[in-house]
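The next block holds one structure in the form of structure tokens; read it before the comments.
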Amino acid sequence: MLKDVALYSVEQFEGMRKAGRLAAQTLDFITPYVVPGVTTGKLDELLEQYMRDNGGIPATLGYRGYPKASCISANHIVCHGIPGDKVLYDGDIVNIDITPIVDGWYGDSSRMYFVGTPSVKAKRLVQNAYDAMMAGIRQAVIGNTMGDVGHAIEQCAKAERFSVVEDFCGHGVGRQFHLQPNVLNYGRKGEGMKIQEGMIFTVEPMVNFGGSATLVLSDGWTAITKDRSLSAQFEHTIGITKNGPEIFTLSPKGFDFPPYIDKK
């Protein structure tokens, strides 16, 4: 129901811009450290330090018992991978998902990274996940529905014979981590909640090379593809304006999709 969805003012959008900017800067910062031989735990330490040094608090740390400052999900891990002793190897693909809290606002974003040189099929999957996210964002305009967003994401994935994860989805965000509306990665045109000016939510498709089914491991967090196929995800936080969706989490360095090359 729309009554359960917050609509934010122009002034409140500025708070989200700051939080989103730090999320994007943090993901830019970590780029040169994502190399063969690094552990996901080391990356998490660097991410946490950068967020704290720049006025942010990692939202995931302690959230419902989650133990780390980021989620780092490699290869067939769909989402919520817990950083630790896992070593990244040449050819891996990895998603890094962070949410710094800045002045009470939550800036939620994730990107895929190439570790060394991935396979051609892995590159195709990562590119498609990015394209699916952007296709969904383009449909996030006043008067459209959440079904329009999900349909665009799903059709983009299916065009490459990939599948979208249905067990996890995007969500509203603002002064809390997870709010309404749910932003599904599938849907039918014209169905679902109407999109209105002032909404803030994430668009975060998870695209699998194989089937869409997932399993959550015994740690209660790490979700993997049931068939162990590769999975890729991108996530932006957006706000709905009269002029279309505003992306709060755009990379200042233009690191939209990998390989990321610093042009500045």
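The values are calculated or read from the model by the stated rules, or taken from the named source; none is laboratory data. The shown structure was predicted, so the numbers you read here are calculated from the model rather than taken from an experiment. Note: ideal-geometry Cβ built from the backbone for every residue, glycine included; neighbour counts use all protein chains shown. SASA here: full protein model, heavy atoms, side chains in, ligands and nucleic acids out. Shrake-Rupley method; radii C 1.70, N 1.55, O 1.52, S 1.80 Å.
Details
- Rounded, prolate or oblate (a/c below 1.5 giving rounded, otherwise prolate when a/b exceeds b/c) for segment 175-264 by Cα gyration tensor: oblate
- Using the alpha-carbon positions of segment 115-250, Rg (one decimal) and Dmax (whole number) come out as 14.9, 45 Å.
- Note: relative contact order over segment 1-77, using C-alpha pairs below 8 Å and six or more positions apart, is 21 percent.
- Length added when fully stretched, Lys242-Gln49, from 0.36 nm per residue minus Cα-Cα: 65.8 nm
- Cβ-placed point charges (K, R +1; D, E -1), dipole of segment 171-264 about Cα centre in debye, nearest 20: 160
- Per-residue 3J(HN,Hα) values for segment 209-223, derived from phi via the Karplus relation 6.51 cos²θ - 1.76 cosθ + 1.60 with θ = phi - 60°, read 5, x, x, 8, 5, 10, 10, 9, 6, 5, 6, x, 10, 5, 9 Hz in sequence order (x marks Gly and Pro).
- Cα-derived Rg to Rh of segment 88-173, Kirkwood definition: 1.02
- Theoretical ellipticity at 222 nm over the chain - DSSP helices of four or more residues, -39500 (n - 2.57) apiece, nearest 500: -8500 deg cm²/dmol
- Carbon + sulfur, % of accessible area of the chain - ligands and nucleic acids excluded, 1.4 Å: 50
- Shape call, segment 131-172: gyration tensor on alpha carbons, a/c limit 1.5: oblate
- Potential extension, Asp103-Asp85 segment - 0.36 nm per residue separation minus Cα distance: 3.3 nm
- Net dipole in debye of the chain [+1 Lys, Arg Cβ; -1 Asp, Glu Cβ; about Cα centre; nearest 20]: 400
- Shape index of segment 69-125: Rg/Rh, with Rg the Cα radius of gyration and Rh the Kirkwood radius from the inverse mean 1/r over Cα pairs, equals 1.05.
- Whole-number accessible area per residue in Å² for segment 41-101, which is evaluated in the context of all protein chains at 1.4 Å: 40
- Karplus-based coupling profile of segment 68-85, in residue order and whole Hz: 10, 8, 8, 10, 10, 10, 9, 6, 8, 7, 6, 6, 6, x, 8, x, x, 7, with θ = phi - 60° in 6.51 cos²θ - 1.76 cosθ + 1.60 and x standing for Gly or Pro.
- Kirkwood Rh, angstrom, the chain [1 / mean 1/r, Cα pairs]: 18.1
- The length gained on full extension between Ile142 and Tyr63, counted as 0.36 nm times the residue separation minus their Cα-Cα distance, comes to 25.2 nm.
- Label point 7 Å beyond Cα of Leu7 along Cβ direction - residues of segment 195-229 with amide nitrogen under 16 Å: 195-201
- Distance in nm between pseudo-label sites at Gln180 and Lys226 (7 Å out along the Cβ direction from Cα): 3.0
- Whole-number accessible area per residue in Å² for segment 123-168, which is evaluated in the context of all protein chains at 1.4 Å: 41
- Net charge of the neighbourhood of Gly107, taken over other residues with C-beta under 10 Å away and scored Lys/Arg +1, Asp/Glu -1, is +2.
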